[in-house]
Amino acid sequence: MPTFLVDWLIQQGLDDRTLAVLTMVVHIGLVIVLAAIADVVAKRVVVRSLEAFAGRASTVWSDVIVKRRLLHRLSHLAPALVIYLLAGPVLDGHELWVLLVRRAALIYMIFVTLAAADSLLNALVDIVRESEFSREVPVKSVAQVLKLILYGITTIAVISLVIGQSPTFLLGGLGAMTAVLMLVFKDTILSFVSSIQISSNDLFKIGDWVEAP
């Protein structure tokens, strides 16, 4: 808060405690405004400029990335970064609140990164499907397994942040969760294995007659 404004408030009879609370509220409001500005700049300036450039490039990569909204999802990192970086200076002296705000910002950024990674995998699937390589490799099944791994890593990271423990602490109980994960994602795992077997043994070709009773 500007010095002249602080002096004026003191002249109005505000005590130090009230002035400190008011100053913090003003600073929090400024951080929210800066985060909103960062969000607008990221979405309406940076993302639109990059998408316009991708549109002029007119390549398979650029078209797919724009279609899957990869840049749009990454733009959500901007306001979270502002809040994370400014939480310490604004909430100086309130370590618990700094910790909570930064953890919340980190969790949000983890989910945004997961959404961007999911979009990137979908884009890669679209690109590979346009090539001859897709006939030899089960691209969709590979992408599903990679997504499963990403979801698992994200879950461990988020839980470790919430409980304040190292991820290695949670990995100790991963063996007990393996049976549950295999049961929940049984179809995905079986689909991945069968796709590899079909492609490696070249069991089916275009034009083959297949019956499923």
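The values are calculated or read from the model by the stated rules, or taken from the named source; none is laboratory data. Just so we're clear, the structure is a prediction, and the values are computed from it rather than from any experiment. Positions of Cβ are generated from backbone atoms using ideal geometry, with glycine treated the same way; all protein chains shown enter the neighbour counts. Side chains included, ligands, DNA and RNA excluded: accessible areas come from the protein's heavy atoms. Shrake-Rupley method; radii C 1.70, N 1.55, O 1.52, S 1.80 Å.
General remarks:
- Residue selected from segment 107-122 under the condition within 10 Å of the chain's Cα centre (by Cα) and among the aliphatic types (A, V, I, L, M), by the criterion nearest to Ser160 (Cα to Cα): Ile107
- Here is the figure for segment 43-66: residues that are within 22 Å of Arg129 (Cβ to Cβ) and open to solvent by 70 Å² or more (accessible area, probe 1.4 Å) total 4.
- Boolean, Val31 is among the aliphatic types (A, V, I, L, M), at pLDDT 90 or above and within 30 Å of the chain's Cα centre (by Cα): yes
- Being at pLDDT 90 or above and farther than 20 Å from Val26 by Cα holds for only one residue in Ala57, Ala123, Ala78, and it is Ala78.
- Output for segment 61-91, where each listed residue is over 18 Å from the mean Cα position of the chain (by Cα), closer than 16 Å to Asp126 by Cβ and outside any helix (DSSP H, G or I): none
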